[in-house]
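Have a look at the structure below before the remarks.
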Amino acid sequence: EVASELLPLVRVYVDGTVERPIDSPHVPPSPEDPSTGVSSKDISITPHISARLYLPKITDATQKIPVLVYFHGGGFCTGSAFSFLDRRNVTALVSQSKVLAVSVEYRLAPEHALPAAYEDSWAALQWVASHTVRNTNINLEPIWSFVYPLASGGIDNPMINPFADGAPSLSGIGCSRLLVCVSEKDELRERGARYHAAVKESGWRGEVALVEVQGEGHCFHVFSPDSENGKNLIRRLASFIMHLWIAMASDKKEVATEVLPILRVYKDGSVERLLDLPTIPPSSDEDPTTGVSSKDITISPEVSARLYHPKLTHTTRKLPIVVYFHGGTFCVGSAYALLCHNFINSLVSQARLSLSRSSTG
């Protein structure tokens with residue numbers, strides 16, 4: 001006999017048992033993921049809080065790496081740090097960003113109504129810190145009432161609505177960089193965009209950026225991590241984390257000048273490009289997807305380029321040549337950047353061009 005339900009998320013029976021129809025199945029940790037080399041293990045933080053740790057494959061055992069504390073989604077009533085979807089998502093992120101991730105298993109409603117999940121998450125964050133050296137298009141009222149029935153103010157409680165009267169000022173956010181990601185078809189898109197705008201207008205002194213992915217819905221990168229947009233978002237998150245780590249390591253360096261959020265120049269002459277994506281090597285063999293081969297050449301001591309050649313069946317065929325100059329307002333970007341490499345690969349494959357992509361200082 002059903003006592004209450006919030007379909008398709010949760011069904012509660014009169015005998016007290018809870019069914020979560022759309023939950024992803026739990027999977028065990030992996031000593032070493034065969035595709036990425038990421039290892040994972042489960043730990044207990046308190047008697048009722050656990051977590052899954054993810055460690056990237058590293059060659060230097062003395063290397064210090066940043067720590068990412070990850071809280072899974074699910075409206076406070078579904079999801080798990082131990083689910084198949086979360087393990088796949090976090091493993092990919094750890095592999096690319098080279099961070100130690102702590103994926104927190106907090107208590108869920110209705111067995112444990114809010115603020116239990118907030119309390120667990122805060123306790124987990126404190127535990128991690130103790131071990132380190134340094135309005136919307138979706139009606140949230142039914143979910144909020146289900147997971148926190150005793151919340152004062154209902155949906156306008158500051159725990160769920162940072163725009164509510166009496167909510168703490170966003171100017172006091174305790175970090176220096178913030179990345180807000182939304183997707184075009186997500187019903188929560190407007191809420192995320194509004195949060196980004198509110199942070200910018202709050203007087204917060206950090207750097208905040210908004211990434212919007214066109215044509216996608218809620219949590220698309222979790223459900224479809226192998227899609228092109230899913231891969232690109234994981235790369236963007238990894239890039240944000242890596243640049244954050246570099247910035248943390250550079251905290252004691254004195255800034256000479258900066259053009260935020262593009263670059264920062266230090267008095268020692270070093271330059272940090274905050275939005276740059278990782279560079280990758282050329283495909284000396286044919287790209288397995290497009291058949292395009294590429295190689296790097298030196299044109300002069302200051303100028304180099306990456307050459308791309310399509311897969312041809314007639315070796316005597318003459319090809320047009322395109323000389324491509326990447327964007328970046330002359331101060332960021334690279335002929336060797338991941339996104340540029342993928343773009344040129346696709347262009348050369350479809351247009352059957354011989355293409356030279358130059359890189360200058």
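Laid out as a table, the results:
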{"item": "Selection within region 171-229 - part of a loop (DSSP other than H, G, I, E, B), under 20 Å from ASN161 (Cα atoms), open to solvent by 60 Å² or more (accessible area, probe 1.4 Å) and of a type in the set (Asp, Glu)", "result": "GLU187"}
{"item": "Conditions (1) open to solvent by less than 50 Å² (accessible area, probe 1.4 Å); (2) within 30 Å of TRP144 (Cβ to Cβ): number failed by THR91", "result": "(2)"}
{"item": "Every residue from region 254-301 that is of a type in the set (Ser, Thr, Tyr), closer than 30 Å to SER346 by Cα and surrounded by 13 or more Cβ atoms within 10 Å (Cβ to Cβ)", "result": "THR279, SER283, THR290, SER293, SER294"}
{"item": "Residues being outside any loop (DSSP other than H, G, I, E, B) and under 20 Å from GLU228 (Cβ atoms) - total across region 305-347", "result": "12"}
{"item": "Selected residue (only one of ASP33, ASP86, ASP15, ASP60 is more than 24 Å from the chain's Cα centre (by Cα) and closer than 30 Å to ASP276 by Cα)", "result": "ASP60"}
{"item": "From the options LEU188, LEU170, residue that is under 27 Å from ALA129 (Cα atoms) and either modelled with pLDDT under 90 or in contact with a helix residue (DSSP H, G or I) (Cβ under 7 Å, 6 or more places away or on another chain) (or both)", "result": "LEU170"}
{"item": "Scope region 18-30; condition farther than 13 Å from PHE146 by Cβ and either open to solvent by 70 Å² or more (accessible area, probe 1.4 Å) or not in a loop (DSSP other than H, G, I, E, B) (or both); matching residues", "result": "GLU19, ILE22, PRO25, HIS26, PRO28"}
{"item": "Residue that is in a loop (DSSP other than H, G, I, E, B), of a type outside the set (Gly, Ala, Ser) and surrounded by fewer than 18 Cβ atoms within 10 Å (Cβ to Cβ), where the choices are ASP33, ASP42, ASP60", "result": "ASP60"}
{"item": "Meets criteria (open to solvent by less than 30 Å² (accessible area, probe 1.4 Å) and part of a strand (DSSP E or B)) for ALA101", "result": "yes"}
{"item": "Some residue of region 115-128 being in a loop (DSSP other than H, G, I, E, B), of a type in the set (A, V, I, L, M, F, W, C) and open to solvent by less than 10 Å² (accessible area, probe 1.4 Å)", "result": "no"}
{"item": "Filter result (over 14 Å from GLU184 (Cβ atoms) and either among the aliphatic types (A, V, I, L, M) or in contact with an Asp or Glu (Cβ under 8 Å, 6 or more places away or on another chain) (or both)) within region 231-243", "result": "ILE234, LEU237, ALA238, SER239, ILE241, MET242, HIS243"}
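The values are calculated or read from the model by the stated rules, or taken from the named source; none is laboratory data. None of these values were measured; they are calculated from a predicted model. Quick reminder, even Gly has a Cβ in these numbers, built from the backbone with ideal geometry, and neighbours come from all protein chains shown. Surface accessibility is based on the protein's heavy atoms, side chains included, excluding ligands, DNA and RNA. Shrake-Rupley method; radii C 1.70, N 1.55, O 1.52, S 1.80 Å.
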